[in-house]
1. Based on what the data block shows, is residue 12 outside any helix (DSSP H, G or I), small (Gly, Ala, Ser) and either touching a residue at least 24 places away in the same chain (Cβ under 8 Å) or out of contact with any Ser or Thr (no Cβ under 6 Å at 6 or more places or on another chain) (or both)?
2. So which residues in segment 53-77 are among the aliphatic types (A, V, I, L, M) and surrounded by 10 or more Cβ atoms within 10 Å (Cβ to Cβ)?
3. Are there any pairs, at least 6 apart or on different chains, whose C-beta atoms fall under 9 Å, with the first in segment 37-50 and assigned to a helix (DSSP H, G or I) and the second hydrophobic (A, V, I, L, M, F, W, C) and surrounded by 10 or more Cβ atoms within 10 Å (Cβ to Cβ), and if so, which?
4. Over 21 Å from the mean Cα position of the chain (by Cα), modelled with pLDDT of 90 or more and small (Gly, Ala, Ser): is that true of residue 40 in this structure?
5. Restricting attention to segment 23-68, which residues are of a type in the set (Val, Ile, Thr) and more than 30 Å from residue 7 (Cβ to Cβ)?
6. Could you list all residues from segment 48-62 that are within 25 Å of the chain's Cα centre (by Cα) and at pLDDT 90 or above?
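The values are calculated or read from the model by the stated rules, or taken from the named source; none is laboratory data. Just so we're clear, the structure is a prediction, and the values are computed from it rather than from any experiment. Backbone-built Cβ (ideal geometry, glycine too); neighbour counts: all protein chains shown.
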Amino acid sequence: MAVKTITIDMEAYEILARHKKAGQSFSRVIKEHFGKRKTAREFVALLRDLSLAEETLTAIDKQVRSRRSNPARPIKL
């Protein structure tokens, strides 16, 4: 694998080092933080494959209904 040497200031190094876990390379830290980002298309594809159990949907529906009948009110200061 080819490598490049870069120069960073001490503040940047310390920030990078704080994110580094034991046994992890700085390259891996950078890739995890700045690597490929998920797109909206990938998110939609994940949603299509998502399925929830009937009891989960029922619990969500019950929670939504209870919030409609007992809406949150702002506190008086």
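1. No: the conditions fail for residue 12.
2. 57, 59, 60 - these are the residues of segment 53-77 that are among the aliphatic types (A, V, I, L, M) and surrounded by 10 or more Cβ atoms within 10 Å (Cβ to Cβ).
3. Pairs found: none.
4. No.
5. Scanning segment 23-68 gives 39, 44, 56, 58, 60, 64.
6. Selection gives 53, 56, 57, 59, 60.
Residue-by-condition table, conditions (1) small (Gly, Ala, Ser); (2) part of a helix (DSSP H, G or I):
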site	(1), (2)
1	no, no
27	yes, yes
33	no, yes
73	no, no
